[in-house]
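Accompanying notes for the structure given below.
Computed from the coordinates by the stated procedures, all read-outs in this text should not be read as laboratory data. Given the structure is predicted, the values throughout are model-derived calculations rather than measurements. In this analysis, Cβ positions are derived from the backbone assuming ideal geometry, glycine residues included, and neighbour counts consider all displayed protein chains.
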Amino acid sequence: MPGARSAADWDRLTEDDYREVAAELDVEVAAIKAVVDIETGRKHQGFWKKGKAIINFDLSIYRTYAPRHGVNLSKARKKYPVIFRSPDVKKYGSQQAAQYARLEAAMEIDRASALESCFWGMFQIGGFNWRKCGCESVDEFCALMNRSERDQLELFAAFCRANDLVRFIRKKDWSGFALRYNGPGYKKHRYHKKMADAYKKFAKSSGR
């Protein structure tokens, strides 16, 4: 389990948090902030509300992981159609409320595959990566994601170490990082260019 400091529920990240983890990874704070900027936007918020990390329930991931846990997708679609529909913001009041409605419905069928099928927190790490984040279970992973932004940062650091991503952040090789972090579609979404621009912005504001 990542070694996060004692944290109250959904504590916001501080500059000290960024500096400590950046020092552990031997990377610049601006480089970490660049990733957050692309994954969760300029507000840099990891939470929707207290105890509820920002999530993105990914149906394609669910279709892969649910059957591995014995879920019959045809039966699931009939009983819980909300899982298979686009987030209904009008019905639930917000994007995050709609995403949680899908997650909670999927959890009624199978808890583990539902949690594994979401991207979590300010770094949008897939729940299926819980082992690579140093956790003993997907439940531990989600408990940390739902506890504080510092925990989310620690999980990101653990994930980067496990996947040999630190060297790309250190070199500001945003194409190399985005390919491995966001997948082969990164060029279409211009993630590498957006991260490069975000890094320059944060490096300039920090005087680097």
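For region 41-179, a crude dipole built from +1 on the beta carbon of Lys and Arg and -1 on the beta carbon of Asp and Glu, taken about the Cα centre, is about 440 debye to the nearest 20. Between K90 and D139, what is the spin-label point distance in nm, taking each point 7 Å from the Cα along the Cα→C-beta axis? A separation of 3.9 nm, rounded to one decimal place. Mean separation of Cα pairs under 8 Å and 6 or more residues apart, divided by the residue count, gives the chain a relative contact order of 30 percent.
The trypsin sites (Lys or Arg not before Pro) of region 20-50 that DSSP puts in a loop, and whose beta carbon has at most 10 other beta carbons within 10 Å, are R42, K43, K50.
Values of log10 I(q)/I(0) for region 55-120 across q = 0.13, 0.21 Å⁻¹ run -0.29, -0.75, by the Debye formula with one identical scatterer at each alpha carbon and no solvent.
Couplings for region 162-169, taken from phi via the Karplus curve 6.51 cos²θ - 1.76 cosθ + 1.60 with θ = phi - 60°, read 5, 9, 6, 9, 4, 4, 6, 5 Hz in order; Gly and Pro are left as x.
For region 110-194, trypsin sites (Lys or Arg not before Pro) are listed when DSSP marks them as loop and at most 15 other Cβ atoms sit within 10 Å of their Cβ; the list is R190.
Neighbour counts of C-beta atoms inside 10 Å place L155, L179, L165 in the sequence L179, L165, L155, starting with the fewest. For region 95-161, pairs of C-alpha atoms spaced more than 14 angstrom apart make up 55 percent of the total. The mean of 1/r over all pairs of different alpha-carbon atoms in region 102-208, once inverted, gives a Kirkwood hydrodynamic radius of 15.0 Å. Scanning residues 5 or more positions from D11 or on other chains, those with amide H under 5 Å from its amide H are E149, with H placed 1.01 Å from N in the peptide plane. Taking Cα atoms, how many degrees apart are the long axis of helix 29-40 and the longest axis of the chain, rounded to 10 and kept between 0 and 90? Helix 29-40 sits roughly 30 degrees off the main axis of the chain. On the basis of the beta-carbon distance and an R0 of 25 Å, R131 and K52 show a calculated FRET efficiency of 0.60. Each principal axis of the Cα cloud of the chain was evaluated for its coordinate range; sorted largest first, these ranges are 56, 39, 33 Å. Could you check how many percent of all C-alpha pairs in region 8-69 are farther apart than 18 Å? That tail contains 53 percent of the Cα-Cα pairs. As a rough footprinting exposure proxy, the listed residues T40, T64 were ranked by other beta carbons within 10 Å of their own, and the order from fewest upward is T64, T40.
Simple rule: put +1 on each Lys or Arg Cβ and -1 on each Asp or Glu Cβ in region 83-177, find the dipole, and look at V89, I169, L103; the Cα lying farthest toward the positive end is I169.
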